[in-house]
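What follows is a short report on a single structure.
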Amino acid sequence: MLFKVSSMHLNVMGALLVSTGLATGNVGLAKDLQVSPAALLFAIAPLQITQNVPTFIERVSQIDTCRGTTSALTIHKSSALNDPIGNVPANTSVRLTGIFGTGVVQIKTPLVGWVSTNALVTTCGAPPTEGLPADLDTNPRYCRRLRSVEVDGSAYADLNTGLVARNTPGGDFQYVGNSNQTDGPMKAAVVRFPERATDLEDAGGRRWIRIKYMGFQGTPRVGWVPNGPAGVNRNLAVCASGQN
């Protein structure tokens, strides 16, 4: 069985059909070209293009679970990891949305975005104390005090209520036990600063410093507190003589 193909299609089909031997004749001069159904299907079959579409999966059991960071991470707006919107310090934690891709995962805290899985570990919780200097609690070089009106003047009246500690720079508050009361160093408190590069970060227009402090329940804790505007060390000062 043969079909007739009008001359308006010859420019598109003719050369291809003749070159493959599926049709005969002078396609440049013929008004109509006699072709077989197989040839017609060959000529008009759509071109199949293989696309690399990212694959994602939702793991319900991982929704709102915690992951620790072994090194600093950049948070990106999309899974392509080409539009940075924030950072996660090393030795802190993130929470997952449950959406995973190849080598990437979506997080919900401290920001909603995407990070590489390379530096994430399942060990999570409060910021770890491992790796802190062995003499952190006794060496005077690590001693810092929260400034106060009595010692530093009225410019520091805003520190009369102490500072609220966070789990990450600008992240979730630390609370007293299971209560709604925030925790952190109290007025004029003495705290310990490890003096490592990873314990100081500018984020959200503020300078954050990671310290070890005594919580309201009388137990030592490690957390991040604001130390002033970004690039400025204001709220904490070196301990006075005798404070260690």
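Testing the spin-label approximation: label points 7 Å from Cα along Cα→Cβ at N233 and T102. State their distance in nm.
4.6 nm
I'd like the carbon and sulfur percentage of the solvent accessible area for the range 140-238, probe radius 1.4 Å, heavy atoms only, ligands and nucleic acids excluded. Working shown, then result.
Details: 2410 of 4730 Å².
Carbon and sulfur atoms account for 51 percent of the accessible area of the range 140-238.
Count charges around G184 for me, please; just the other residues with Cβ under 9 Å from its Cβ, Lys/Arg as +1, Asp/Glu as -1.
+1
For A197 and R95, what does the FRET efficiency come to when R0 = 22 Å and r is the distance between their Cβ atoms, rounded to the nearest 0.05?
Plugging the Cβ-Cβ distance into 1/(1 + (r/R0)^6) gives 0.30.
Go ahead and run the numbers for FRET between T122 and S154, Cβ-Cβ distance against an R0 of 51 Å, rounding to 0.05.
Efficiency, rounded to the nearest 0.05: 0.55.
Taking K108 as the anchor, which aspartates and glutamates have their alpha carbon closer than 12 Å to its alpha carbon, excluding any fewer than eight residues away along the same chain?
Partners found: D64, D172.
The values are calculated or read from the model by the stated rules, or taken from the named source; none is laboratory data. From a predicted model like this one, the values you see are computed outputs, not experimental measurements. All Cβ positions, even for glycine, are placed from backbone atoms using ideal geometry, and neighbour counts span all protein chains on display. Protein only, heavy atoms only, side chains kept; ligands, DNA and RNA dropped before computing areas. Shrake-Rupley method; radii C 1.70, N 1.55, O 1.52, S 1.80 Å.
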